1. Arrange His313, His320 by Cβ neighbour counts within 10 Å, fewest through most, would you?
2. So, in nm, how far is label Ser340 from label Ser62 when the simple model puts each one 7 Å beyond its Cα toward the Cβ?
3. Please give the FRET efficiency for Leu86 paired with Ile121, using the beta carbon to beta carbon distance and R0 = 41 Å, rounded to the nearest 0.05.
4. Taking 8 Å as the Cα distance limit and 6 or more residues as the minimum spacing, I'd like the relative contact order of the chain as a percentage.
5. Of the options Ala232, Gln325, Ile295, report the single residue whose Cα projects farthest towards the positive end of the charge dipole of segment 132-349 (beta-carbon charges: Lys, Arg +1; Asp, Glu -1).
6. Take the alpha carbon gyration tensor of the chain, find the square roots of its eigenvalues, order them as a ≥ b ≥ c, and report rounded if a/c is under 1.5; if not, report prolate when a/b exceeds b/c, else oblate.
7. Let me know the charge dipole size of segment 295-350 about its Cα centre in debye, to the nearest 20, where only the beta-carbon of Lys, Arg (+1) and Asp, Glu (-1) is charged.
8. Only Cα pairs within less than 10 Å get springs; with that Gaussian network setup on the chain, which residue of Ala267, Ala152, Ala235 has the largest fluctuation?
Amino acid sequence: MDGRSVLVGMLIGVIIGGFLAYAGLSSQLAEKDARISELSSQVDQLQTSYGELEQELNILKSQYSELEAEHSSLKEEYSRVYTDYLDLKNKYSRLEEDYSKLQAKYSDVKSRYRSLCDELINLNEFMDSYYRLLDSFSRTLNEDEIEKTGQAVLSAGVSASDFWYSIQRIYQYITSNIQYAKDVDIPYVTLEYIDVGGEPCILGVDVYTVRNYVQTPALTLELGQGDCEDQAILAYAMIKYYMRNVYGTEYNLYLALISFSKGSSHAAVILPVKGGEICIIDPAANYLTSSWWTITSKPAASELQTYSSRWTHSTGSITHISLYQIDVNDGSYRLIYEGSLSEVAAFLSE
């Protein structure tokens, strides 16, 4: 092969090599263009997203500004509310302190009112013991009051062995030394109250006068006068003293409350005797069950009828009798029997 052939071969080789190099470079450029196109598309997408995010950011900035303004407003409102809260808290503390003081005053007033209610109720009960006969027994016929009649009983000339003689001497002592006198007006209190939690709550107090006053035996002896209730209580006390301290034997003894057909009432002493007999001792009416001016006992039915006839002209006949027995140790009492004259007579005749 000559030199021309070699040269042509070399040239063809160069051309082929260049062509191949160009083909490779073209392929690379195409790949780079595709990559650039892809990146350009991504950039466009990113720019679009950026625009959207920027727009959203602006919205958020606007909302933030609004929220910041609202926060400032709320902060100012909170400051005012907190200031008001502190002011109200101070007022509450003062009110709480005032309430505690008022509560203490209320407790004190309530306690005083409770004491006042108790005192008024005690006063009412105390006055009942002067105004109401049954309520008076604890005050007038207790052991101390019985003992105070001892000197009068002995002065009456009683006998330690002769019971009936001694009862007549006590009756005569009272009729000789005690004059009948009507009661004078005394103040009396009545209460209007309701029950609150088991305790009485007084709503009103009425004060007026009543013409009744139950005396103790000692006061009747001291004054030398008393009405039928006072003289019956004195007779009951003196007879009880005699039985307990002189004669040595106690018998049943009744204080009788008597109602009449014309509306009045009376008090006397009845001594029941075996065999259905009784002895009525009524110094205020100058009446004593007796025979030929000597004390005795008689059948209950006939004696009560005779006693009732004694009153017919002035007060009418007896319509009702209540018999009470008093425990002179403490002045307590119990109702033994009550009823019409005939019913009581039947009871006493048993």
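1. His313, His320
2. 11.2 nm
3. That pair, Leu86 with Ile121, gives E of 0.20.
4. After rounding, I find 14 percent.
5. Ile295
6. prolate
7. In total the dipole reaches around 240 debye.
8. Of Ala267, Ala152, Ala235, the most mobile in the Gaussian network model is Ala152.
Only the coordinates and a few stated rules stand behind these numbers; no lab work does. Just so you know, these numbers come straight off a predicted model, no measurement behind them. Note that we place each Cβ from the backbone using ideal geometry, even for glycine, and neighbour counts take in every protein chain shown.
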